[in-house]
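Taking it in order: structure first as structure tokens, then the write-up.
The values are calculated or read from the model by the stated rules, or taken from the named source; none is laboratory data. The structure displayed is predicted, hence computed values, not measured ones. Neighbour counts run over all protein chains shown; Cβ positions are idealised from the backbone, glycine included. Surface accessibility is based on the protein's heavy atoms, side chains included, excluding ligands, DNA and RNA. Shrake-Rupley method; radii C 1.70, N 1.55, O 1.52, S 1.80 Å.
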Amino acid sequence: MGAYADAFRRSIEDPTGFWAEAAQAVDWTRAPTTVLDDSRAPFVRWFPDGELNTCHNALDRHVDGGRGDQTALIYDSPMTGRQARFTYAELRDQVARFGGVLRSLGVEKGDRVVIYMPMVPEAVVAMLACARIGAVHSVVFGGFAPRELAARIDDAQPKVVVAASCGLEPTRVVEYKPMIAAAIEIADHKPDRCVVLQREQARAEMGPDDVDWTEAMASAEPVECVPVGANDPLYILYTSGTTGKPKGIVRDNGGHAVALLWSIRNVFGLEPGEVWWTASDVGWVVGHSYIVYAPLLLGATTILYEGKPVGTPDAGAFWRVIAEHGAVTLFTAPTVFRAIKKEDPDAKLLEQYDISKLRALFLAGERLDPDTYHWATEKSGVPVIDHWWQTETGWPICANLRGLEPMPIKAGSPSVPVPGWDVQVLDPEGNRVGPNTEGAICIKLPLPPGALPTLWNDDDRFVASYLSAYDGYYLSGDGGYVDEDGYLYVLGRTDDVINVAGHRLSTGSMEAVLAAHPAVAECAVIGVHDSLKGQVPRGFVVLKAGVDVDPEALSAELVAAVRNEIGAVAAFKRADIVPALPKTRSGKILRRTMRGIADGRDEPVPSTIEDASVLDKLRPILTKES
Ligand code: COA
Ligand code: AMP
């Protein structure tokens, strides 16, 4: 039996044996004697009596083990023209000091800290400092507007917010402090203090509850790692669900450390001491798992890149970073390669760089279309590895396991289920379907270590969202099929979550913004195909009776509202006025049908439609190019 088949079988037939072995790669202050507690199923706990500290595993133990002088983090910022390197010893010292800053502000084990920062090393320092003192971080992506930040502050109830004065986008400086002030104004919960890293591009005006990062660090006492229970939360990361209210994905300490260490070796094939680059943002799960935690847990060198694939300064930027720092892997989203390909179709800029150290490109976060796959393979000259996972799961569910046993690659498929994930495609009745038959992609419980144990303060929503559709299964929200060789094909979300340039967004939250406009009676937002971003949102609004507005002016107002309330990152650029929205007889808007027509598919008219003429009138609007 091959290494993959053997590992997969063991992980499903003997999960406790499999994960007990993997857990030996972690330093425990108290080794777990129980591997899996499923006495409260569907809630399960991995390593329930284990104790550890994730920051110790990511930093101190490498310093103690002789890696103190090895570079842990390379900061490369074409946005500022700055580069910096931090050894494991330097990063540990900064983190220990910032742990002292947080402590001095009253943050203790179990307290939450919201981190709202761009791609600067201090964001990593803040995350690890929380882990060091047993506090729970919740990083909020810098592209989210105040209302989204406020929703997260209200749910997580942080004692302290850690922020930078600004983020840098190619065309503008994004001032964070006014957005934090606006968010705190909107939120019911008021954090005690805000630590601000002043950046020279836009210094923040400080208030009485604000603390200057640099000053606080200068006088802080370094702190040691605090042992925490394996099931104590390490972080909360909010992600878009189908409603406007984001879901607080909880990650625990023990299972997370075990799973990430296993994955970075076996899925990604990385060795300690190697240089690894994940080009994402610390505000997303990819940033949490594969910019910060996994490479540091392994003792590798991680690159933190503050820039874009194009325009900073050109489409050669990614090749430059790989070459300059000797990265052996790059992990990013397919949209990045679509952007590079658009600007530099023949990859002429690559000729300036030596990327011979690169072993593989890993792409995830959205569907990897075969065109982009072939282009990236041809130009980079290395295997391009699609892998499928979610914020909820924390690490890959399906992948080509480069470290364990590389397999043939099939364009359009993220390959096979990773050990630990019993992936099954189910029909609406919950029966497993045969090869090449579409259905809901589900995972048979229990989920492996590292996957979400629940939603923050909301066990009921956890069960309702993920575990109630099919008894004994986790519902991924994606549809797809498995072929005769066991390769999975992900066809897209079956709910109202969309993926814009690798950013996961909820159409429901955009609809809430549109519906709040005084002229709007009803609305629908759908994700339509976009050749660069994969998907972009489009809005359709029905006016209130008797309202007379200029369509262009209304569209501009709605676009501005989504930008202000959700963020520019939503890329909401267009809203059309329509006479009515197509609905089922029970009043459900037929978003899926609308999406199919907008994407040019030959979409059947559902038999449940209330009035087919509504859809006929909508067709030309849906198919109209922007
Ligand atoms: N803070 C503030 N604003 C942000 C932001 C941030 N962190 N990130 C993006 N934005 C803004 C941008 O400035 C832009 O604003 P604009 O409408 O004023 O131009 C808007 O949000 C959309 O940004 P972006 O998604 O970057 O689109 P783009 O058209 O500027 O660039 C790509 C297209 C493909 C180059 C870009 O989307 C990209 O690099 N995508 C990869 C994303 C990624 O890594 N995702 C995680 C994958 S795992
Ligand atoms: P996020 O939680 O932001 O990581 O987004 C997860 C969603 O992105 C998944 O549910 C999928 O819809 C989509 N996704 C992630 N990776 C892939 C992939 N390799 N192929 C297709 N879709 C993907």
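Here are a few things to note about the model shown:
- A single member of Ala230, Ala315, Ala259 is open to solvent by less than 10 Å² (accessible area, probe 1.4 Å), at negative phi and within 14 Å of ligand 1 (Cβ to nearest atom), and it is Ala315.
- Residue in region 477-486 that is assigned to a loop (DSSP other than H, G, I, E, B) and within 16 Å of ligand 1 (Cβ to nearest atom) present: no
- Screening Glu565 against (1) touching a residue at least 60 places away in the same chain (Cβ under 8 Å); (2) over 30 Å from Gly434 (Cβ atoms); (3) among the acidic types (Asp, Glu); (4) away from ligand 1 (no atom under 16 Å from the Cβ) leaves a single unmet condition, (4).
- Taken over region 564-607, residues that are crowded, with 16+ Cβ neighbours inside 10 Å and in a strand (DSSP E or B) amount to 5.
- When Leu59 is tested against (1) more than 23 Å from Arg193 (Cα to Cα); (2) in contact with a His (Cβ under 8 Å, 6 or more places away or on another chain), exactly one condition is not met: (2).
- Scanning region 339-368 for residues that are within 16 Å of ligand 2 (Cβ to nearest atom) and open to solvent by less than 30 Å² (accessible area, probe 1.4 Å) yields Ala360, Leu361, Phe362, Leu363, Ala364, Glu366, Leu368.
- Test: residue in region 560-582 that is out of contact with any helix residue (DSSP H, G or I) (no Cβ under 7 Å at 6 or more places or on another chain), closer than 23 Å to Asn499 by Cβ and within 16 Å of ligand 2 (Cβ to nearest atom): yes
- Scanning region 407-423 for residues that are touching a residue at least 40 places away in the same chain (Cβ under 8 Å), away from ligand 1 (no atom under 15 Å from the Cβ) and under 19 Å from His374 (Cβ atoms) returns Met407, Lys410, Ala411, Gly412, Ser413, Ser415.
- Here Gly283 fulfils each of the conditions (1) open to solvent by less than 10 Å² (accessible area, probe 1.4 Å); (2) within 16 Å of ligand 1 (Cβ to nearest atom); (3) not in a loop (DSSP other than H, G, I, E, B) apart from (3).
- Output for region 502-529, where each listed residue is without any contact (Cβ under 8 Å) to a residue 40 or more places away in the chain and open to solvent by 30 Å² or more (accessible area, probe 1.4 Å): Ala515, Pro518, Ala521
- Test result for Tyr116, in the same structural domain as Glu221 (by TED's automatic domain parsing), buried (at least 19 other Cβ atoms within 10 Å of the Cβ), out of contact with any helix residue (DSSP H, G or I) (no Cβ under 8 Å at 6 or more places or on another chain) and aromatic (Phe, Trp, Tyr): no
- Residue match in region 542-563 (condition: outside any helix (DSSP H, G or I) and within 27 Å of Pro146 (Cα to Cα)): no
- Answer residue from region 93-113, given it is open to solvent by 10 Å² or more (accessible area, probe 1.4 Å) and closer than 24 Å to Asp281 by Cβ and is farthest from the chain's Cα centre (by Cα) among those: Gln94
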